[in-house]
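Notes follow the structure.
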Amino acid sequence: MILKALHTRWRGWREQRAVERHAIPDALWQLTLLRYPFLAQRSDADLAELRRLCSLFLAAKEFHGVDGFEVTDEVAVAVAAQACLPVLRLGLSWYDGFIGIVMHAGEVVAQRRFEDEDGVVHEYDEELAGEAMEGGPLMLSWTAIAVSNDPAQFGVDEVFNVVIHEFAHVIDMRDGLADGVPPLDTEEREHWITVIDAEWEKFCARVDAGEATLIDPYGAEAVEEFFAVAVEAFFVAPHAMQAEVPVLYGLLAGFFRQDPAAA
């Protein structure tokens, strides 16, 4: 018990030092909340904890700008604030599996190659606004971050938020698999799979029918993408999501231990 208490005190002291060293200036924090209104809608207590987690995130992660892109404090805090929102109740340990965050000014063209069932090899270029890989690094486009949070689009067209999307993949892959099922105990996992598979099938049917959906139609590509785009909607447009897909909203609220629609 004594050793545990000492460890807790040491960890608390270490975290406080990190928060102090990477304190976010008031003006920059207010600018970030102004730029991303879905953050500003949270309670004062949530915002205080989010700001603390952002400082710890900035202390733990390493940002790298590519092709001359400068990772300013404004850029780093914008990423940190959105990345930390999903783990507001879960804790930053969910992001322990990687350190590096690679920032590009614009989208990246990646060369893809796959072999189909007939053994034919296909090669193509894919434009990426972000990409999460197990073990890192995580790649993000600043242009995509800037355009993915237009308040005029919330609840009107499908939601798009590349930071939350890619960090949702990080959460999903914490158990080593990108399958739309985050690490859960056996009973919770079975319930999760039952619910998300049913919700995904209904979503795919709506997309195939040409219906407008709040959740990005890209989620019909695979259940792991459905999870990521659903998490985007959950945090960016919670009221609209709760109204459109209440069962899925409830599943995410239980996992993330948050109810942003109630904020």
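The values are calculated or read from the model by the stated rules, or taken from the named source; none is laboratory data. Model, not experiment: these values are computed from the prediction. With ideal geometry, Cβ positions are generated from the backbone for all residues, glycine too; neighbour counts draw on all protein chains shown.
Things to note:
- Taken over segment 31-73, the criterion of being of a type in the set (Lys, Arg) and farther than 24 Å from residue 97 by Cβ is satisfied by 35, 42.
- Every pair of residues 6+ apart whose Cβ atoms lie under 9 Å, when the first sits in segment 234-258 and is touching a residue at least 24 places away in the same chain (Cβ under 8 Å) and small (Gly, Ala, Ser) while the second is in a helix (DSSP H, G or I) and surrounded by 20 or more Cβ atoms within 10 Å (Cβ to Cβ): 237/38; 240/233
- When the residues of segment 1-16 are filtered to those that are modelled with pLDDT of 65 or more and out of contact with any helix residue (DSSP H, G or I) (no Cβ under 9 Å at 6 or more places or on another chain), the one that is farthest from residue 260 (Cα to Cα) is 1.
- Residue match in segment 247-263 (condition: over 23 Å from residue 36 (Cα atoms), of a type in the set (Asp, Glu) and surrounded by fewer than 18 Cβ atoms within 10 Å (Cβ to Cβ)): no
- Residue 177 vs. criteria surrounded by fewer than 21 Cβ atoms within 10 Å (Cβ to Cβ) and closer than 22 Å to residue 96 by Cα: yes
Here is a yes/no grid of residues against (1) surrounded by fewer than 18 Cβ atoms within 10 Å (Cβ to Cβ); (2) within 11 Å of residue 226 (Cβ to Cβ); (3) in contact with a strand residue (DSSP E or B) (Cβ under 8 Å, 6 or more places away or on another chain):
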{"residue": "161", "(1), (2), (3)": "no, no, no"}
{"residue": "168", "(1), (2), (3)": "no, yes, no"}
{"residue": "182", "(1), (2), (3)": "no, no, no"}
{"residue": "188", "(1), (2), (3)": "yes, no, no"}
{"residue": "201", "(1), (2), (3)": "yes, yes, no"}
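- Any hit, segment 252-262, residues being part of a loop (DSSP other than H, G, I, E, B), out of contact with any His (no Cβ under 8 Å at 6 or more places or on another chain) and within 16 Å of residue 159 (Cα to Cα): no
- Contacts under 7 angstrom Cβ, first residue in segment 71-98 being closer than 14 Å to residue 55 by Cβ, partner outside any helix (DSSP H, G or I) and modelled with pLDDT under 95, 6 or more apart: 81/36
- Complete set of residues in segment 174-197 that are within 15 Å of residue 254 (Cα to Cα), among the acidic types (Asp, Glu) and not in a loop (DSSP other than H, G, I, E, B): 187, 188, 190
- Note on segment 204-224: residues that are surrounded by 15 or more Cβ atoms within 10 Å (Cβ to Cβ) and in contact (Cβ under 8 Å) with a residue 24 or more places away in the chain amount to 7.
- Scan of segment 193-224 for residues that are over 20 Å from residue 168 (Cβ atoms), at pLDDT 95 or above and of a type in the set (Gly, Ala, Ser), ordered by number: 205, 209, 210
- Comparison of 223, 181, 207 shows that the only residue that is under 18 Å from residue 160 (Cα atoms) and under 20 Å from the mean Cα position of the chain (by Cα) is 223.
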